[in-house]
Amino acid sequence: MLEVRDLVCGYGHLVAVHGVSFSVKAGEALAILGANGAGKTSTLMALAGHVDIKGGSITFGDEDVTRATPMDRCGRGIAITPEGRRLFSDLTVRENLMVGGYLRSMARAKINLEKVLDLFPRLKERLHNRAGSLSGGEQQMVSIGRAMMAEPKLMMIDEVSLGLMPKNVDICYEALDKLRSTGLTLILVEQSLERVLSIADQVCVLDSGAVAWTGSAGEARGNPEILDAYMGGAH
Amino acid sequence: MLYIELALQGLVNGSMYAIVAVGLTLIYGLLRVLHVAHAGLFTLGAYITVLLTNATGSLVAGTLISMLVVGIVGMVVYRLLYEPLLAQPPYVALIASIGLFIAMEEGYRIIFGPYGNSFASTWLTERVTLGPFSMAAADVAMLLGAIVLLIFLAVLMGRTRLGMAWRATVTDPAMARSFGVDTIKVRYGIFFVASVFAAVAGSLVAVLNNLVEPTMGDVPSYKSLAIIVLGGLGNVTGTLLASLLLGVIEAYGTIYTGAYLDRDAIAFVFLIAVLMIRPQGLFGAR
Amino acid sequence: MRNPLQLVTAVIFAASLGTAASAQDSVKIGFHAPLTGFAAADGKSARQGVELAVKEANAAGGLGGKKIVLVTYDDEGKPENAIPIANKLIGQDKVIMTVSGSYSGPTRAAAAVFQRAGMPYISAYAIHPDITRAGDFVFRTGMMGEVQGRAGAKLIGETLKKKKVEIVAVNNDFGQALTAGFKEAAPKFGLEIVAERTFGMADRQFGPLVTQIKADNPEVIYAPGYFFNAGPLVAQLRAAGVTADVIGQEGYDGQRFIEIAGKAAEGVIITTSLDRDSQAPATRAFITDYEKEYKDRVDMVAASGYSAISVALEALKKAGSQDGKTIRDTIRQNTFETAIGKLAFNNLGEVKKAVQVQVVKDGNFHRYGVIDDLQYLAPPER
Amino acid sequence: MLPTLGAYEVSLIVIVSVNVMLALSLNIITGLCGQVSLGHAAFFGVGAYAAAVLGNLGVPFLVVLPLAGLVGCLLGLLVGLASLRVRADFLAITTMGVGFVFVGFVRKQNWLGAEMGLSNIPDHGLGDAGFVGVCLALVVAIALLSAYIKRSWLGFGFATVADDEDTSRTLGIDVAAYKLTAFVVGTFLAGVAGATYAYFTRFLIPGAFGFGVSISILAMVIVGGVGSIWGVIVAAVALTLLPEFIRVVNDYKIFIYGVLLVLTMRLSPGGLAGLVGQLSASRAEMPPRSAGAQP
Amino acid sequence: MNVLTLEAISVRFGGIAALTSVGMTLKQGELLGLIGPNGAGKTTLLRTVIGVVRPTQGRVVLRGDDVTPLSVDMRARRGIALTHQIVKPFRSMTVLDNVVFAAGHAKTGNVLRALGTRSRSEETQRARQLLELVGIDRYADANPNALPLGALKRLEVARALATDPKILLLDEPLAGLNHIEAERLADTFVRLNADGVTMVLIEHNLGQVARICPRVVVLDNGKKIGEGATRDMLSDPAVVAAYIGKEVAHA
């Protein structure tokens, strides 16, 4: 479904990712792991269209989306739950979700809103609160829900557990598990190895902006030392 | 009676401030830029209205074309001036905007001459009487114009999907793009609407004064900055209320304290006093 | 991006060529006015008046066969600009005398420079009393603000025979000087000042002021200001149903005032320098020539600029010398027939002349009367 | 000392010097300490009026200079106190308001000449050469002071206050003291510039200290490159002389000035300093200002 | 000996109670964990200690002195340092300069003193050491905008340490780090603590909290719901119900 080939990207003159390749099949969950500064978030933001792509290609479905705008990618079915959640803090929860469904018809958006509320019942009572006033856990739920509203084929989630208490991490992973069971393709960037390996099929480890190891989640679980070798950063 | 009439006159002036300042605050909310050249578009709107009205004989046609043209010029200003400067600290855009405003005023003077232009026929002496009050028709037009435009804006921003997309763009344009909001169109849209407002204000002022001059944007250029700060930068409702309040305060101020401070100083004494008590403006920044 | 810069360079280059072209066998006269900025309208009128006079003089053979060249600078109405301009006119351009078509600020600042250099300097219409006090090389063909204020009081008290006056003055040196002169003379004419109010240069909307004036209910409104204030003010006063007479001054003097105020301008009386119904040949010639040259109506500022430089040219001719002191003494000892009447100067360099009273009738300024009572119009001698 | 200078050159040097002093003084407040001021002309004006009043009382020029600076920084201290309450664009507009209130106040003060202005300011008594010497000495002294402050720990502290005053505070910086210092020093120097101006024109009107002057001083700082001392000096000289050199195109002078401001900001947003920085070094380009909101 | 005592701190934001009568003591040389659900008021509590947030009631007592009326910078000068949960580097200067500036705290305390001194060599040396200590020395000359979140978190720590704090308040310093990086930084905290720096650590990484903090305070909904030995607290039913959820952390 997604084919990333020799991706080179960065901000301005700064290159964060030098030649990353991987692919994801429909319905699969890929975990991207690596040390801080390995280029995980940059890769994800490049897939979302927010980083200057300097080389390589991204193919989604059968089409080349390397140069597509973020709007275009959203229309084709790529949605993101970004690092730090980045909600529209002045808008209400409902409005945040409706912006997520901006490209869908009003009727579809209403149906999808119900789906999100089924997944995160806690948001029901928060619908008319400002997103900025929510706790971290609730914000993460809105962020996932907002991505769901776009009816994506591929959802990318950057550090879903960042700054969340263990209970909220559970809630979010349960939700991701449910989404995966509906056939949604996932790419997860995560620091918490254990959690992500419980849900991922494939693992891609980055080190200093390049792919250091790929394999199945099973292999990774069986050989934690393989991963650990790349987790310490450049020391 | 005198007090009420003064207040009414203050509201007329405040309405003019509101129509100009609301556009400015929309743009501030979107780009965090103090768009001083907005006042140059206000003047442009007035010129086009006067010239076309004199040419065609129809004030309505003149105003409508003026709104359209100024709206488009507003988008061009965004494209050529602000878009390339979005990544820069805000004062860069401020100085660029001031430069553009200076060039615009001078441009009007060079093209249209320094004496100013007037309508061939005037509506200045028409009056509307309502119970004990009687106002110039142009004043009433200003009040009504402000009410209509601001209701239109409130509905657009608060009740439509487009308004929601606009507000999302204000908070986080990159994320808004990621959910399919064409933020470039949104920015063009805001500049178009804000500039149309400026054109309407310019046209109304042209009718009110029967005088359009190259420097007529001077006062709105700085007064509306004061207003959007008073209203809490980026806060549309706050800007509206601050406009009306300032209009009324100036109305009383010019009569009762005019011997000690001029009109601008009255406005800014009020501004400073308010900010010392409420540093985020009367109604809080968004 | 390259094109605009090229254009700019080309313009500068062409312009400098233009000034360099006219060199020898010429007499240079300096001129500065606010060609840009808030006072650009008056700057343009003054410049047109001055340029017309120079053009006519050159057509008539120049100065003893020498071509008269006008060196013009824009002072933007700012005093700090006038000083380098004055120095440049003296040191770089080597003019032999200079005319100011500017407001009081720049004129006052430049006057000191010309005085120090011993070069005659004539102010066309600035009103500040300190201008001529800069020294004996400085002259003024316009009326001092105070003098005109006194004329206004006499007009209201003696000619119109009204009593209750409200002063509504523009908030600048013009308004302040006229108000001071008016108030000084008011008791002598039995005037009662019911209220005194001000407005800003930039004000065009006078809603609150008009409401208050209506409540004050004066017989006459004495309103020092410029056409761009006065046009909207008079229109708004009439729209509010205020019927009191409005008395204006030379700041109103121009067709633009009538265009802005429309019918409301009818009956407004002003004190000024130019008598449009004058049969004096100098005035008639000026009005005809100006309207032919610029396809525009004359105004007070244009007439003042024209007259100021006429004095300069006439003095140069009579002096037959380019020496500053000789020219100064020639101005002092002679009388001059100009578009704004017969002019002579007192010891201080202030003009002695009659005040014209004009009224708006059928969309034009016409003669209402003349005040030539020297008891009230005499400018100070020191 | 400067025998070949004509009166015209002298007047240009003085005007350029006054503007360089003003630009450098604002650079301390805005460039180094990050407090954008749209009302710097008020302090300039306070200094000028103070000098006129003192001069008329018979105080000699060289004594008037520092005294005018002191009066300027008294107002500066007040505005500095205001800067502790309001921030960023709110502060910019507040200072703009201070400028308007100052002009509005002077317009109505008869003892300051009100609308008629103050004339008869005494001669400085130094002669052209002496006056030019004082101006140039002041410019050099202020430039050196600015450069020293910038490199000192005070300047380092200013930079953090400009960047993020809350964080600066958690590192133990008395932000109020730093801001007040910047305002006091900057407005003192503006007051000195005002005194120089007063003795140059020897005629003051309130309109000479209006909003437009504040804008043109700020434009010098930003065109020069915020915080860069040589950049600000060059910009102040260039922007002052530019209208002078294109005086021949009277009608288009201000238009060209406006267009050049736009072009400078468009083509070199970092001002002259930024432009030179780009050309000379292959510095890593800074990524764009974060557009997104923090969670 | 108690270095820091919080006495019945209450904080309200626009009518909403963020903290309700929270009391707590910190002993000299302690490494205290502060845990609790999102929105429990942990960050607000630390911000109250440094003075960014003013309590509506209660006192902050530092070594017997009531510092509640003192400003943020005065408290910082008394040895309290805070790392921000939402990173706040000075974005206009390099990573190194961020730390150099903090290391110059002795020179910047007084404006006149700051004006009188220029040399930065000592501070630069110290800053380099600190960057190495937290493991981001390779970013020294970079602009903070180019750094990943985990590195910025560590910059916060290095900058706080540069002020030579007596009490270091750490707000989620391990977020954005993987388990190896987190462990390494946590070890650094232990070492510093052994050198005498008293610390409060807000962290959701309960594994590391359990490993390095002997004692924790648990907040929920603005109230203190528990305090005691870390192991006991992590198995306390109330804490588990409010915070940990059904899976017990791998403590």
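A few remarks follow.
- Rounded to the nearest Hz, the phi-derived 3J(HN,Hα) couplings of segment C:345-359 under the Karplus curve 6.51 cos²θ - 1.76 cosθ + 1.60 (θ = phi - 60°) are 10, 8, 4, 7, x, 7, 6, 10, 7, 7, 9, 8, 10, 10, 10, where x marks glycine and proline.
- Cα centroid separation, segment A:43-74 to segment A:91-111 (Å): 24 Å
- Separation of segment B:22-38 from segment D:116-166 is 34 Å, based on Cα centroids.
- C:Lys263, C:Lys214, reordered so the largest accessible area comes first (probe 1.4 Å): C:Lys263, C:Lys214
- Rh (Kirkwood; distinct C-alpha pairs) - the protein assembly as shown, Å: 35.1 Å
- Furthest towards positive pole of dipole, A:His50, D:Ala182, D:Gly55, structure part the protein assembly as shown, Cβ charges: D:Gly55
- Listed residues C:Asp329, C:Asp296, C:Asp275, most fluctuating in chain C (Gaussian network, C-alpha, under 10 Å): C:Asp296
- Cα gyration tensor, chain E - rounded (a/c under 1.5), prolate or oblate: oblate
- Residue (of D:Gly225, D:Asn120, D:Phe90) at the positive-pole extreme of chain D, dipole from beta-carbon charges: D:Phe90
- Just checking the listed ones, A:Ser192, A:Ser143, A:Ser42: in the Gaussian network model of chain A with Cα springs under 10 Å, the one fluctuating most is A:Ser192.
- Spatially proximal lysines relative to C:Lys352 (Cα-Cα < 19 Å; intrachain offsets below 8 disregarded): C:Lys154, C:Lys342
- Point-charge dipole on Cβ atoms (K/R +1, D/E -1) for the protein assembly as shown, about Cα centre, debye to 20: 700 debye
- Formal net charge of residues neighbouring B:Gly116 (Cβ-Cβ distance under 15 Å; K, R +1; D, E -1): -4
- Shown are E:Arg128, A:Arg73, whose ranking by accessible area with a 1.4 Å probe and every protein chain present, most to least, is E:Arg128, A:Arg73.
- The GNM of chain C, with springs linking C-alpha atoms under 10 angstrom apart, assigns the highest mean-square fluctuation among C:Gly105, C:Gly248, C:Gly320 to C:Gly320.
- Around the amide H of A:Ala16, modelled in the peptide plane, lie the amide H atoms of A:Cys9, A:Gly10, A:Tyr11, all under 5 Å away and 5 or more residues distant in sequence or on another chain.
- Summed side-chain charge close to A:Glu3 - residues other than A:Glu3 whose Cβ falls under 13 Å, Lys, Arg +1, Asp, Glu -1: -3
- Counting only DSSP H runs of at least 4 residues, each contributing -39500 (n - 2.57), and dividing by the residue count of the protein assembly as shown, the helix-based mean residue ellipticity at 222 nm comes to -17000 deg cm²/dmol.
- Alpha-carbon centroid distance for the pair segment A:20-39 / segment E:168-222, whole angstrom: 29 Å
- Ranking C:Gly190, C:Ala180, C:Gly145 by Cα position along the charge dipole of segment C:136-203, where only Lys, Arg, Asp and Glu carry charges on their C-beta atoms, puts C:Gly190 farthest toward the positive end.
- Calculated FRET value between E:Glu227 and E:Ile86, using beta carbons and R₀ = 30 Å, to 0.05: 0.65
- Amide hydrogen neighbours beyond the local backbone of B:Arg127, cut-off 5 Å, H modeled: B:Ala137
- C:Lys154 accessible area, 1.4 Å probe, all protein chains in place, Å² to nearest 10: 20 Å²
- Per residue convex hull volume, Cα atoms of segment B:2-277, in Å³: 143 Å³
- Placing +1 on each Lys and Arg Cβ and -1 on each Asp and Glu Cβ, with no other charges, gives segment D:7-285 a dipole about its Cα centre of roughly 160 debye.
- Taken about its Cα centre, segment B:2-277 carries a charge dipole of about 780 debye when Lys and Arg each add +1 at the Cβ and Asp and Glu each add -1 at the Cβ.
- Links that overshoot a 25 Å alpha carbon limit, given the list C:Lys66/C:Lys353; C:Lys44/C:Lys78; B:Lys185/E:Lys153; C:Lys263/C:Lys295; C:Lys44/C:Lys292: C:Lys66/C:Lys353; B:Lys185/E:Lys153
- Between A:Ala26 and D:Asp164, the simple spin-label model (points 7 angstrom out along Cα→Cβ) gives 4.5 nm.
- Note, ³J(HN,Hα) from phi for segment D:54-68, Karplus 6.51, -1.76, 1.60, rounded to Hz, x at Gly and Pro: 5, x, 5, 7, x, 6, x, 3, 5, 7, 4, 3, x, 5, 4
- Near B:Arg127: Cβ cut-off under 12 Å, other residues only, Lys/Arg at +1 and Asp/Glu at -1. The net charge is -1.
- Shown are D:Leu267, A:Leu119, whose ranking by accessible area with a 1.4 Å probe and every protein chain present, most to least, is D:Leu267, A:Leu119.
- Here the Karplus curve 6.51 cos²θ - 1.76 cosθ + 1.60, taken at θ = phi - 60°, turns the phi angles of segment D:17-28 into couplings of 4, 4, 5, 5, 4, 5, 5, 5, 5, 5, 4, 5 Hz, with x standing for Gly and Pro.
- Residues whose amide H falls under 5 Å from that of C:Val370, counting only those 5 or more places apart or on a different chain, are C:Val357, with hydrogens built in the peptide plane.
- Reachable lysines from A:Lys178, criterion Cα separation under 22 angstrom, eight or more residues apart if same chain: A:Lys25, A:Lys110, A:Lys115, A:Lys124, A:Lys153, A:Lys167, E:Lys246
- Förster radius 35 Å - calculated FRET efficiency between D:Trp230 and C:Arg284, Cβ distance, rounded to 0.05: 0.05
- Segment B:176-286 shape via C-alpha gyration tensor axes, a/c threshold 1.5: oblate
The values are calculated or read from the model by the stated rules, or taken from the named source; none is laboratory data. All values reported here derive from a predicted model rather than from experimental measurement. Positions of Cβ are backbone-derived with ideal geometry, glycine not excepted, and every protein chain shown enters the neighbour counts. Protein only, heavy atoms only, side chains kept; ligands, DNA and RNA dropped before computing areas. Shrake-Rupley method; radii C 1.70, N 1.55, O 1.52, S 1.80 Å.
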